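Chemist: Submitted below is the structure of interest, expressed as structure tokens.
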Amino acid sequence: MRPVLHYIHDPLCGWCYAVAPLVAALVERAPNLEVRLHGGGLFENRRLDEAMVRHVRANDARIAALSGQPFGAAYRHGLLERGDTLLDSPAASAAILAVEAVAPHRALAMLEAIQRAHYREGRRVVDAAVLTELAEAQGLAPAAFTRALAAARGRVWPHITATRRRMVQLGASGFPTLVLEQDGDTRVLDHGRYHGRPAAFAQAVVAPACGC
């Protein structure tokens, strides 16, 4: 059976953005790896107040320093400074579920597209129009994505609930959590010490499996 990477994440989690290069490197190094996305619902209709913005900026600075991931000016001086900015994880997660339903092999790319649009381009990734544009860039027809998104909105909370249940079973404390399932065994991957070193992370995960 193919090895499976269970990627417990939230589309609006900064540390999931930090780990994105590690996941990408692992997928490139192990092309037979199946990636299953589990969205956890970090934010629900959360508006950015001043205290939250201060917390986010401090977190972003640490993420940038450790991972090298960029935060665009449109995000830092636009999205974070707008009084109407809304963080709503279920909206973004529903879009990923919609892509997964129509084109499963593009789901991870959709997550990455949402992260780039949010953190680099400062776009409102809770808006259906933005999400549709991102899905179209992944090769999905807008009409097909719109239908899938409508269906996914009815499934997103059961999906989030199942993810949270999985986290309890694993003893996972937050996002991201990466779990490798292979040959009947599962192990939680230690990714924290590999920020900024995606090739080293991929090597550390793949080498034990192949004996190299």
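The values are calculated or read from the model by the stated rules, or taken from the named source; none is laboratory data. None of these values were measured; they are calculated from a predicted model. Cβ atoms come from the backbone with ideal geometry, glycine included; neighbour counts cover every protein chain shown. Side chains are part of the model used for accessible areas, which takes the heavy atoms of the whole protein and leaves out ligands, DNA and RNA. Shrake-Rupley method; radii C 1.70, N 1.55, O 1.52, S 1.80 Å.
Chemist: Would you mind telling me the antiparallel percentage of the DSSP bridges in the chain, rounded to 5? Before the final figure, lay out the partial values.
Modeler: On the way: 11 of 17 bridges.
DSSP beta bridges in the chain are roughly 65 percent antiparallel.
Chemist: ³J(HN,Hα) across the stretch 196-203 via Karplus (A = 6.51, B = -1.76, C = 1.60, θ = phi - 60°), whole Hz, x for Gly/Pro?
Modeler: For the stretch 196-203, the Karplus-derived couplings read x, 10, x, 5, 5, 5, 4, 5 Hz, x marking Gly and Pro.
Chemist: Compute the accessible area per residue over the stretch 134-204, keeping the other protein chains in place, probe 1.4 Å, unit Å².
Modeler: Values: 4000 Å² over 71 residues.
Using a 1.4 Å probe on heavy atoms only, each residue of the stretch 134-204 averages 56 Å².
Chemist: Ok, one more. How high is the FRET efficiency from Glu136 to Ser173, r the C-beta distance, R0 30 Å, rounded to 0.05? Spell out each step's value before the answer.
Modeler: Numbers: r = 36 Å, r/R0 = 1.21.
Efficiency, from the Cβ-Cβ distance: 0.25.
Chemist: At a Förster distance of 25 Å, what's the computed FRET efficiency of Asp183 paired with Glu28, Cβ-Cβ distance as r, to 0.05?
Modeler: Numbers: r = 22 Å, r/R0 = 0.87.
In this case the efficiency is close to 0.70.
Chemist: Now a separate question. To the nearest Å, what is the center-to-center distance of the stretch 6-51 and the stretch 57-101, using C-alpha atoms only?
Modeler: 11 Å
Chemist: Turning to a different aspect of this structure: Label Ala204 and Ala74 with points 7 Å out from Cα along Cα→Cβ: what is the distance between them in nm?
Modeler: Between Ala204 and Ala74, the label points sit 3.4 nm apart.
Chemist: While we're here: For Arg36, enumerate residues with amide H under 5 Å from its amide H, sequence gap 5+ or separate chain, H modeled in the peptide plane.
Modeler: Leu5, His6, Tyr7
Chemist: Can you compute 3J(HN,Hα) from phi for each residue in the stretch 14-26, using the Karplus curve 6.51 cos²θ - 1.76 cosθ + 1.60 with θ = phi - 60°, rounded to whole Hz and x for Gly and Pro?
Modeler: Per-residue couplings from phi come out as x, 6, 6, 5, 5, 8, 3, x, 5, 5, 4, 5, 5 Hz.
Chemist: Taking the Cα centre of the chain as the origin and placing charges on Cβ (Lys, Arg +1; Asp, Glu -1), which of Leu22, Ile63, Thr146 is farthest toward the positive end of the dipole?
Modeler: It is Ile63, whose Cα lies furthest towards the positive end.
Chemist: Could I ask something else about it? Sorted by packing (mean other beta-carbon atoms within 10 Å per residue), highest first, where do 89-101, 61-73, 35-47 land?
Modeler: Numbers: 89-101: 25.2, 61-73: 15.5, 35-47: 18.3.
The peptides rank, most packed first, as 89-101, 35-47, 61-73.
Chemist: Another one. What shape does the stretch 78-133 have by the C-alpha gyration tensor, where a ≥ b ≥ c are the square roots of the eigenvalues, rounded means a/c under 1.5, and otherwise prolate means a/b greater than b/c and oblate the rest? Before the final figure, lay out the partial values.
Modeler: Details: a/c = 2.72, a/b = 1.94, b/c = 1.40.
Prolate shape, in that a/c is at least 1.5 and a/b is the bigger ratio.
Chemist: Just to check I understand the Karplus step: with θ = phi - 60° and J = 6.51 cos²θ - 1.76 cosθ + 1.60, what whole-Hz values come out for the stretch 146-155, glycine and proline as x?
Modeler: 4, 5, 5, 5, 4, 5, 5, 4, x, 10
Chemist: For the stretch 151-212 and the stretch 102-144, write down the distance between their C-alpha centroids in whole Å.
Modeler: Each part reduced to its Cα centre gives a spacing of 22 Å.
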